[in-house]
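Novice: Could you have a look at this structure, given as structure tokens, before my questions?
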Amino acid sequence: MRILLVEDDLMLGDGLVDALRAAGYTVDWLTSGLPALEALRSEEFAALVLDLNLPDIDGQQLLQRLRRAGHGLPVLILTARDALDDRVRGLDGGADDYLVKPFALQELNARLRALTRRRQGQAHTVVRHGELELFPDAREAQWHGEPVRLTPHEYKLLQELVLGAGRVFSKEQLEQRLYGWEPGAASNAVEVHIHHLRKKIDSGLIRTIRGVGYIVERAGN
């Protein structure tokens, strides 16, 4: 899943990017609020991790603009403001969760998992699609009850397609969800990952819509 991190502390931001990527997220990082608003208007993210003390616009104002525009993206505020009034203001202002610095990375990961599950309407930690089971916390998959060995990018791609079952994703959309703004992805990376997934699971699970993209049909279709 693709996360937008908005944090102006360079040391903390660098550490968070590494930690979140190690947890399986695709992470894009900005150090100020106005570029973040532009990115949120034009690109898709699964969640926003937002510091409040930004150099150009207060994070609370950014959140208000986001919600006034009708954006329902899950937002986790990450801040040193620990007063009760600040927490109440943040949650009433549209945040889905509020985590005070310093914090444990395990807690941040757990809160993000909970936020993204709620956004997808999931009550459980296992994603089931027919005979396929995905375990997002462990980033593992089973097909007909048997473990399937997937690379990190293969797992992320499969999860995006299954969670978006019934939706056609273009190659460009899948590239963004897998790599974000990270440079260096091969131009045929998505095709290669899908080829490997078809060999490891079911060749018919991921359908190609010629000239459009790829789809996993809704279970039962």
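Novice: Hey, could you check region 6-22 for residues that are outside any helix (DSSP H, G or I) and in contact with an Asp or Glu (Cβ under 7 Å, 6 or more places away or on another chain) and say which is most open to solvent (accessible area, probe 1.4 Å)?
Specialist: Ranking the qualifying residues of region 6-22, first place goes to 8.
Novice: Here's another thing I want to ask about it. Cβ-Cβ below 6 Å, separation at least six or inter-chain, first residue in region 176-194 and under 16 Å from residue 5 (Cβ atoms), second assigned to a helix (DSSP H, G or I): which pairs?
Specialist: Pairs found: 177/160.
Novice: Any residue at all in region 62-85 that is open to solvent by less than 40 Å² (accessible area, probe 1.4 Å), in a helix (DSSP H, G or I) and more than 23 Å from residue 163 (Cβ to Cβ)?
Specialist: The answer is yes; a qualifying residue exists.
Novice: State all residues of region 26-54 that are surrounded by 14 or more Cβ atoms within 10 Å (Cβ to Cβ), within 22 Å of residue 158 (Cα to Cα) and among the acidic types (Asp, Glu); if no residue qualifies, say none.
Specialist: 28, 43 - these are the residues of region 26-54 that are surrounded by 14 or more Cβ atoms within 10 Å (Cβ to Cβ), within 22 Å of residue 158 (Cα to Cα) and among the acidic types (Asp, Glu).
Novice: Considering only residues that are over 13 Å from residue 40 (Cβ atoms) and in contact (Cβ under 8 Å) with a residue 24 or more places away in the chain, which ones fall in region 65-85?
Specialist: 76, 77, 78, 79, 80, 81
The values are calculated or read from the model by the stated rules, or taken from the named source; none is laboratory data. All of these numbers come straight from a predicted model, not from anything done at the bench. Glycine also receives a Cβ, built like all others from the backbone with ideal geometry; neighbour counts cover every protein chain displayed. For the accessible areas, the whole protein counts, side chains as well, though only heavy atoms, and no ligand, DNA or RNA atoms are used. Shrake-Rupley method; radii C 1.70, N 1.55, O 1.52, S 1.80 Å.
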